[in-house]
Structures are given as C-alpha cells and as structure tokens.
Amino acid sequence: MHDLAIIIVSTNEAHWLRPCLSTVFEHAGDIALDVVVVDNESHDGTADLVAAEFPAARVVRSANHGFCHANNRAIMTCDARYVILLNPDTEIAEGTFAELVRLMDARPTVGLAGVRQVTGEGDLVHTIRLFPNALNALGDALSAERLPRRPRWLGERVMDADAYERESDCDWTTGAFMLARREAIESAGLLDERFFMYSDEADFCRRIKTAGWEVRHLPWMTIVHHAFKDGVKPAVDVLSAHSRAKYARKHFSPAHRTAFGAAVMLRHVLRSLYAGRGETGRLKRDANRRVIAALLGRGPVPYADRTSPVSVMTADPALRDARLAGRDAAASDSDRRALVA
C-alpha cells in the first residue's frame, strides 16, 4: 500500500505538467508515492510527455465527463492511505508530502485538508470557505468582502490573511488541492459526477463532514496556483453559476433554494450593469449577461451533454455509521469527563 496518491487531471494541459510534476517529485519526501496523471481526452501529447519525462508517474486515460469523473477514475485505481487531488496548473513551493502525511497521521479525526495557495504573482488565494447559503450569497452579491469589518458569515471566503498562516477548521477548501483520507472517501463516497466542475468541492467536503470527519487548513505546505486569475471566461462563469444552482437543489430546502437562487441572480444582475470601465468591464458585463440567460434557461450551459445524469458516488454505510458512532461516543465520554471535573 502506498502512503499517498497524487492525482492530476490534464485536459490538454501538458504545458503545465512539466513544472507541476517536477515540483511534486522534488517535494515528495520519504514516503511511498503513487503519482497518477489522468489524460482526460487530451490532444496535446499529455500521455507521451508523462511517459517520456516522468517514468515514475503513471497515466490513466478517461473520456472527458468532467473533473469529478476523471478524478474518480483515478481514485478507483489507487491503494494509498491518502489521496491528493491536484490541479495541473500548480507548483509545490514549500513543504513536503511526507510531512503532510505525518501531520494527517497525527490528526485521525481529519478527513480532508487544504494547504496555503498563492497566485503566480504571490498573492494569497482565499481557499478557506464557508458552506454556501443564501445569506453569504447575498453578501457576495453586494461585494461585502470589501467592507473592512465584514462579519465572517456575510461571504463564503475567509479574507483574514492571518487565518492562512495557522492551522484552522473550515467548511470546505478549493479543488486545486484537496488531501483526503482513504477512510473519509469510503465513508462519504466518491466525487459526485453530476457536477462537471465547480461546487463539487463544497459538496464533497459537506458529505465528508456529514460522515463525521473534520475538514482542516494545514499551512505547512504552500503551492502556486498559476491560472487562478486568468482573465474573463464567460463559459467558466456560466458553468460555475449552474453548478451552484445544482448544489442548492441537492442540499437546500425549497425555500432556502429560492432565496439562494435570488441572491446568485442578484450578483450577476448587478455585475451585468456595473463591472468597471474599458474593454475588461465590457467583457465582464457580457459574461454576466450570459450567466443570467443560462440561469433563466435561455442560454446554453457548457458541457451539459457531457455531465453524468446520475452519481456513481458509493459511500460505505457501515464505515459512515461506525465513524458517527465513534464520534458520538467520544463526545459523550468528553461530556462525562467534564461533569466529573
């Protein structure tokens, strides 16, 4: 059994793989490592590059049905105690994977963890998130993040830079880097393939926490996420908004879903009217109008014909129930000790 499997999905992203894989192996440390590159129906020589330059990695070929489908195909081939889902447009800057494995071994209640991320320019990426809900969606619509003393609950992203320098609990973390424990995956289930991309991480973390595990930010590794801010992409904006609506249908009551949908729509209406000046502002306004059309059913949703209509996530009920029973027993024992004290 390997200690750690690192899964990298490449959809015509061979140009990122050389720096990504180079730093992965440089920062491995003393562990049994299984590096898997998913060739997600690429046409740019992804598989050939891996075979020629990184013989220690292996390739899994997959039809392109999205981020979740590709990662699930790879997870099914792994035997590692831990699995990292890593974007190809990343590089490891600080820390080792061996250290992360030791940290997770010392934290048996943690099912999934994220690490510190920066852009190619060195700016902090705010990866510590609260679960989506109507209230923080309203805060995001009104750009409440700009308020100097914004209440934490009035937005999904934790904006306090100091929070990223220390270990902390979080609801979910972004999919560019997710370190998951094997037992957490088995008790919560695989990624939900009904999400082509976006909101799948929030859904995955939500199911892991529901199964009794913690989600944590571990600052002992820093990665560079190059394409985090990569211009205006209308198709990405449409897909992201559509996935948020899908998340709401899955997890919210009808009333909460309506309020959440209204907040998301307000966000894009406001940005379709006020998105800055010049060419960039025009592009942003146009992108938000396309999102509005898609949410109203009057515009196309990218990759809608490629997303799985059903989920293949298969949680092990016995593992989940055992995990929850263990957590409840530990809580009861803690309560008894507190009463005695």
Give a residue-ordered list of calculated ³J(HN,Hα) values for the range 146-153 (Karplus: 6.51 cos²θ - 1.76 cosθ + 1.60, θ = phi - 60°; whole Hz; x for Gly, Pro). 6, 5, x, 10, 4, x, 4, 6
Send over a whole-number figure in Å² for the accessible area per residue of the range 32-153, probe 1.4 Å. 41 Å²
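Over the Cα atoms of the range 105-178, what is the Rg over Rh ratio if Rh follows Kirkwood? Each step should come with its number before you reach the end.
Details: Rg = 13.3 Å, Rh = 13.4 Å.
We get a ratio of 0.99 for the range 105-178.
Could you work out the mean projected area of the convex hull around the alpha carbons of the range 46-99, in square nanometres to one decimal? Please list the in-between numbers first.
Numbers: hull surface 19.3 nm².
Here the figure is 4.8 nm², rounded to one decimal.
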Could you tell me the largest-minus-smallest coordinate of the C-alpha atoms of the range 200-308 on each of the three principal axes, in descending order and whole angstroms? 46, 39, 28
Using Cα-only point scatterers and the Debye equation, what is log10 of I(q)/I(0) for the range 139-285 at each q in 0.15, 0.19 Å⁻¹, rounded to two decimals? -1.00, -1.52
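Per the Cauchy relation, a quarter of the hull surface: what is the mean projected area of the convex hull of the alpha carbons in the range 1-123, in nm²?
On the way: hull surface 31.1 nm².
Average of the hull's projected areas for the range 1-123 equals 7.8 nm².
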Using only the alpha-carbon atoms, what does the chain span along each of its principal axes? Please give whole angstrom values in decreasing order. 62, 53, 39
Could you work out what % of the accessible surface of the chain is carbon and sulfur, using a 1.4 angstrom probe and leaving DNA, RNA and ligands out of the count? 54 percent
On average over all directions, what projected area in square nanometres does the range 173-260 have, based on the convex hull of its Cα atoms? 7.2 nm²
Diffing the range 199-207: the Karplus 3J(HN,Hα) column from phi (6.51, -1.76, 1.60, θ = phi - 60°), in whole Hz with x for Gly and Pro, holds 6, 5, 5, 4, 5, 4, 5, 5, 5
Using a 1.4 Å probe on the protein heavy atoms only, what accessible surface does R290 show? Give it in Å² to the nearest 10. 120 Å²
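Hey, could you get me the Stokes-Einstein D for the range 150-215, Kirkwood radius over alpha-carbon pairs, 25 °C and 0.890 mPa s, rounded to whole µm² s⁻¹? Numbers along the way, then the final one.
Details: Rh = 13.2 Å.
So the translational diffusion coefficient is about 187 µm²/s.
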Ignoring ligands and nucleic acids, what accessible area does L142 show with a 1.4 Å probe (Å², nearest 10)? 110 Å²
Rounded to the nearest 10 Å², the accessible area of K284 at probe 1.4 Å: 90 Å²
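The values are calculated or read from the model by the stated rules, or taken from the named source; none is laboratory data. Nothing here was measured: the structure is a model prediction, and the numbers come from that model. Heads up: the accessible areas ignore ligands, DNA and RNA and are worked out on the full protein's heavy atoms, side chains in. Shrake-Rupley method; radii C 1.70, N 1.55, O 1.52, S 1.80 Å.
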